[in-house]
Amino acid sequence: MTVPTITLNDGLQIPQFGLGVWQVSTDDIEPAVGKALEVGYRHIDTAAMYGNEEGVGRAIAQSGIARDELWVTTKLNNNAHGFEESQQALKDSLGKLGLDHVDLYLIHWPLPARNDYVDTWKGLVELQKQGLTRSIGVSNFQPDHLDAIIAATGVTPSVNQVEIHPTFTQTALVAKHQELGVHTEAWSPLGQAEDLRNETVTQLADKLGKTPAQVILRWHLQKGYIVFPKSVTPSRIEENFQIFDFELTGDDVAAIDALDEGNRIGPDPDQFN
């Protein structure tokens, strides 16, 4: 199956679907990434904070897949904010990944009380100029954070990776992304499995002969989001990839849109420091 791509505001094409590896252990990381690459995934999303960049790198090396066929994202750790600190942090991540560049580097959290995310963004701009990352973006940024870094540098993030799932749709933030030309990446796309039990979702799954997870992931794709569910179970990794052979109707998408109830599961970016 061919994974659709999205053209970012810097002209690069990112696979719209990939594998997330948050909370994947050292023991599980290589087999999980290896299985995903075998199935056909070509986009892996990791982070320094996850502590599994080495395993991701080993799985990539063992796969034999050409580097230019893969999209690898990692993220700056919260203890490495600042212009100078960000320079070394990406070099450290590249060493662990065994790569000479990543495709996308993100500021993981804005940490607004520290008020250093603008200098940190300037560091990522420099890293992109050096070729250590092809594209740069942010994660968990709110509209005012986005406005601040763009005003300071004239450089708009290619993506903002934020919590989005059917019961937490972040409509206003997504509208801000569209206004700025920032693409939306969705973390916790299944609501940490809570949204899988929603009656609307299960009824759609029964109607379509798909699983609730496949229905929600298809909703993300049709909303135009970049999405990367996490799993370490080989059958689930394969199942999650089987979402390119069906479509939701406009009414189906609207029914899932209507499930929003402000159900934030992760930290509030305005408060998390």
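The values are calculated or read from the model by the stated rules, or taken from the named source; none is laboratory data. Fair warning: this is a prediction, and the values are worked out from it, not measured in the lab. Every residue, glycine as well, gets a Cβ built from its backbone with ideal geometry; the counts of neighbours run over all protein chains shown.
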Exercise. Which residues, counting only those in the stretch 255-268, are surrounded by 13 or more Cβ atoms within 10 Å (Cβ to Cβ) and more than 23 Å from VAL24 (Cα to Cα)?
Worked result: ALA255, ILE256, ASP257, LEU259, ASP260, ASN263
Exercise. When the stretch 1-49 is examined, which residues are found to be surrounded by fewer than 16 Cβ atoms within 10 Å (Cβ to Cβ), of a type in the set (Ser, Thr, Tyr) and either modelled with pLDDT of 95 or more or over 19 Å from THR74 (Cβ atoms) (or both)?
Worked result: THR2, THR7
For this session: Please indicate, with yes or no, whether at least one residue in the stretch 196-208 is modelled with pLDDT of 95 or more, surrounded by 22 or more Cβ atoms within 10 Å (Cβ to Cβ) and either under 18 Å from the mean Cα position of the chain (by Cα) or not hydrophobic (A, V, I, L, M, F, W, C) (or both).
Result: no
Problem set entry | Qualifying position, being outside any loop (DSSP other than H, G, I, E, B) and in contact (Cβ under 8 Å) with a residue 24 or more places away in the chain, among GLU238, GLU261 | GLU238
Seminar exercise, completed: The residue that is farthest from the chain's Cα centre (by Cα), considering only those in the stretch 158-185 that are under 22 Å from GLU199 (Cα atoms) and either part of a loop (DSSP other than H, G, I, E, B) or not polar (S, T, N, Q) (or both), is THR167
Problem set entry | First in the stretch 181-193 and farther than 16 Å from LEU259 by Cα and at pLDDT 95 or above, second anywhere and of a type in the set (Ser, Thr, Tyr) and buried (at least 21 other Cβ atoms within 10 Å of the Cβ), Cβ under 6 Å, 6 or more apart | THR184/TYR225; ALA186/TYR225
For this session: Kindly provide the set of residues from the stretch 147-168 that are surrounded by fewer than 22 Cβ atoms within 10 Å (Cβ to Cβ), out of contact with any Gly (no Cβ under 7 Å at 6 or more places or on another chain) and on the phi < 0 side of the Ramachandran plot, ordered by number.
Result: ASP147, ALA148, ILE150, ALA151, ALA152, THR153, VAL155
Problem set entry | Filter result for ASP252 (surrounded by fewer than 21 Cβ atoms within 10 Å (Cβ to Cβ), in contact (Cβ under 8 Å) with a residue 12 or more places away in the chain and over 21 Å from VAL39 (Cα atoms)) | yes
Problem set entry | Leading residue by the ranking (farthest from LEU8 (Cα to Cα)) among those in the stretch 209-239 that are crowded, with 18+ Cβ neighbours inside 10 Å and of a type in the set (Ser, Thr, Tyr) | THR211
For this session: Read through the list (1) within 25 Å of ASN140 (Cβ to Cβ); (2) free of Cβ contacts under 8 Å to residues at least 60 places away in the same chain; (3) out of contact with any strand residue (DSSP E or B) (no Cβ under 6 Å at 6 or more places or on another chain), then give the number of the only condition that SER231 fails.
Result: (2)
Exercise. Quick one: is ALA213 out of contact with any Asp or Glu (no Cβ under 8 Å at 6 or more places or on another chain), over 28 Å from HIS145 (Cβ atoms) and among the hydrophobic types (A, V, I, L, M, F, W, C)?
Worked result: no
Exercise. Picking from GLY123, GLY95, GLY64, GLY131, which residue would you name as being buried (at least 23 other Cβ atoms within 10 Å of the Cβ) and over 19 Å from the mean Cα position of the chain (by Cα)?
Worked result: GLY123
Exercise. Can we say ALA186 is among the small types (Gly, Ala, Ser), farther than 30 Å from PHE83 by Cα and crowded, with 18+ Cβ neighbours inside 10 Å?
Worked result: no
Exercise. Based on what the data block shows, is GLU194 closer than 28 Å to GLN88 by Cβ and not small (Gly, Ala, Ser)?
Worked result: no
